[in-house]
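Notes follow once the structure below has been shown.
The values are calculated or read from the model by the stated rules, or taken from the named source; none is laboratory data. If you're wondering where the values come from, they're calculated on a predicted model, not measured in any experiment. Counting neighbours? That spans all protein chains shown, and the Cβs are built from the backbone with ideal geometry, glycine included. SASA here: full protein model, heavy atoms, side chains in, ligands and nucleic acids out. Shrake-Rupley method; radii C 1.70, N 1.55, O 1.52, S 1.80 Å.
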Amino acid sequence: MITKQVIHKIDQFKSDKELLAIAGILFNLLSQLVEEHHYQETAPFIAASEHLPFLPDLYFPQTGISLLKYLISYHFNKKTADLAKAEMIAQTYQITGLEDFGKGAQEIINEVKED
């Protein structure tokens, strides 16, 4: 409930730190919903993420959100292009030194493939 109130006021947050916190919350919520296979509940959080500005400080959480958006889209539409984009993001994590994060992303991708 608190999260939904914050998300509805996302346009009121201006500082990079506030926006980073909001992006982190959105990423964590979407990640949890995907891991628990609650895809139908992701729509408001995806819509809220569209209001985040494109800032260098938000690149990492926005990339994670993008990965999850592609997986959610793949779940509903089964477009291999969405899956390929998600895998590209996971590979980017691995080749840029975030091996553990990349492996975790790949595990989520594999799980969504099996749905």
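Details
- Candidate set from the range 1-44 (those that are more than 15 Å from TYR70 (Cα to Cα) and small (Gly, Ala, Ser)); member that is modelled with the lowest pLDDT: SER15
- Considering the conditions (1) under 21 Å from PHE101 (Cα atoms); (2) touching a residue at least 12 places away in the same chain (Cβ under 8 Å), HIS51 is excluded by exactly one of them, (1).
- Filtered residue count, the range 14-59, keeping only those that are outside any helix (DSSP H, G or I) and on the phi < 0 side of the Ramachandran plot: 11
- Residues in the range 92-115 that are assigned to a loop (DSSP other than H, G, I, E, B) and on the phi < 0 side of the Ramachandran plot: THR96, LEU98, ASP115.
- Check on GLY102, open to solvent by 40 Å² or more (accessible area, probe 1.4 Å) and either in contact with a Phe, Trp or Tyr (Cβ under 8 Å, 6 or more places away or on another chain) or small (Gly, Ala, Ser) (or both): no
- Extreme residue, modelled with the highest pLDDT, among residues of the range 50-92 that are open to solvent by less than 20 Å² (accessible area, probe 1.4 Å) and farther than 19 Å from GLU35 by Cα: LEU58
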